[in-house]
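Encoded as structure tokens, the structure appears first; notes follow it.
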Amino acid sequence: MALRTLPEAATRELIPYVSVQSALDAVRVGEAEAAFVPIENSVEGGITTTLDELVAGEPLMIYREVLLSITFALLVRPGTKLTDIKTVSAHPAAQPQVRNWLRNNLPEVHWESAASNADAARLVQEGRYDAAFAGEFAAARYGLEALETGIHDAENAQTRFVLVGRPARPAAPTGADKTSVVLWQRDDHPGALRDLLGEFATRGINLMLLQSRPTGAGIGNYCFCIDAEGHISDRRVAEALMGLKRICLQVRFLGSYPRADIRPGEARPRLPGTSDAEFVAAADWVARCQDGRF
């Protein structure tokens, strides 16, 4: 549903993959030009599978994002009643979004995680599970029926999806953009995270996502996934990234791309002293001072 909101979807071959990992691997090995995967949910937060895949392995870049309002349908084989359901399946990120509904309607059901909601529907079709939480549109594809629809624990729940491809030049800035990076600290010391965040704060850059992920190097070793307002071509964002590159062990650039939540004319006004013109003027003043022309 989310992918089909992109105009490109009407002119490209759309190939389903069983999981986030397999979709991103297809891009890395050249089987697909891009992958469309979930990265954040307004109820559960970051989709850790996607974040971890972008943190590790051959670098990939985000080019677009889409926000999709989320409700679930309970898909079952024809003839199944609510009282017949003993097992239910969906992607792990779906469980926190339907937990209360399950407690109130199917308190004894056994939950089994699947690689995706669509794969859960396929497993119901095959008889492995009794029901799946998925989009209602998936019922016809897998020969199932929607026993219940409009299921959600939180009103206005949304999932953010991203279009991911191999690294290339970012799209031109729109005036309402987002830049995503992953940061690794050089060492663990008091104020280390503050030092990283300070590179954004001193330049008036608002952060939209900050999530730590374990590096696998032992307890207490984390990297930080960050979404920041602005585009890498903005002087303030470019200078922040240069500052981070100086002080971090590693910086992985995940892309600058248009925001899905606002249009260009609705972007937050910049703080005084953070426009490109002001950065250029400040650099020019320093150059004049170096030349003795102040």
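The values are calculated or read from the model by the stated rules, or taken from the named source; none is laboratory data. Note that the coordinates shown come from a computational prediction; the quantities given were computed from them, not determined experimentally. Virtual Cβ from ideal backbone geometry, glycine too; neighbours counted across all protein chains shown. In case anyone asks, the SASA skips ligands and DNA or RNA and just uses the protein heavy atoms, side chains included. Shrake-Rupley method; radii C 1.70, N 1.55, O 1.52, S 1.80 Å.
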(message) Just to confirm a number: summing +1 for Lys and Arg and -1 for Asp and Glu over residues other than residue 208 whose beta-carbon lies under 12 angstrom from that of residue 208, what do you get?
(response) -2
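For residue 48, what charge total do you get from the other residues with a beta carbon under 13 Å from its beta carbon, if Lys and Arg give +1 and Asp and Glu give -1?
Spelling it out: positives minus negatives among the neighbours equals -3.
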(request) Would you work out which of 101, 124, 78 lies farthest towards the positive end of the dipole of the stretch 76-133, given +1 charges on the beta-carbon of Lys and Arg and -1 on that of Asp and Glu, about the Cα centre? (result) 101
(message) Once the cut-off is 21 Å, how many percent of the Cα-Cα pairs in the stretch 129-203 end up in the long-distance tail?
(response) 64 percent
(request) Round to the nearest 10 and report in Å² the accessible area of residue 184, as given by a 1.4 Å probe over the protein chains' heavy atoms. (result) 40 Å²
(message) Keeping all protein chains in the complex and leaving out DNA, RNA and ligands, what accessible area do you get for residue 279 with a 1.4 Å probe, in Å² to the nearest 10?
(response) 30 Å²
(request) Towards the positive end of the charge dipole of the chain, with charges on Cβ (+1 Lys, Arg; -1 Asp, Glu), say which of 207, 161, 272 has the farthest Cα. (result) 272
(request) Can you give me the three principal axis dimensions of the stretch 243-294 from its C-alpha atoms, in Å, biggest first? (result) 47, 35, 14
(message) Contact order normalised by length for the stretch 1-59, with contacts defined as Cα pairs under 8 Å and 6 or more residues apart; what percent is it?
(response) 24 percent
(request) Report the charge-dipole magnitude of the stretch 76-133 in Debye, nearest 20, computed about the Cα centre from +1 at each Lys and Arg Cβ and -1 at each Asp and Glu Cβ. (result) 100 debye
(message) Using only the alpha-carbon atoms, what does the stretch 76-133 span along each of its principal axes? Please give whole angstrom values in decreasing order.
(response) 27, 25, 14
(request) Please express the shape of the stretch 106-145 as an equivalent ellipsoid: the semi-axes are the square roots of 5 times the eigenvalues of the C-alpha gyration tensor, given largest first in whole angstrom. (result) 16, 10, 10
(message) Please give me the summed charge of the neighbours of residue 38: other residues whose Cβ is under 12 Å from its Cβ, Lys and Arg +1, Asp and Glu -1.
(response) -3
(request) State the Cα centre-to-centre distance between the stretch 1-44 and the stretch 223-294 in whole Å. (result) 30 Å
(message) No solvent, one uniform scatterer per C-alpha: report log10 I(q)/I(0) for the chain via the Debye equation at q = 0.08, 0.13, 0.16 1/Å, two decimals.
(response) -0.43, -0.98, -1.29
(request) Please give the calculated 222 nm ellipticity per residue for the chain, where each DSSP H segment of at least 4 residues contributes -39500 (n - 2.57) and the sum is spread over every residue; nearest 500 deg cm²/dmol? (result) -8000 deg cm²/dmol
(request) Nearest 5 is fine: what % of DSSP beta bridges in the chain come out antiparallel, could you say? (result) 90 percent
(request) Sticking to Cα atoms, compute the Rg of the stretch 169-293 to one decimal and its Dmax as the biggest Cα-Cα distance, whole number, in Å. (result) 16.0, 54
(message) For the stretch 170-230, which trypsin sites (Lys or Arg not before Pro) pass both filters: DSSP loop (anything but H, G, I, E, B) and at most 12 other C-beta atoms within 10 Å?
(response) 186
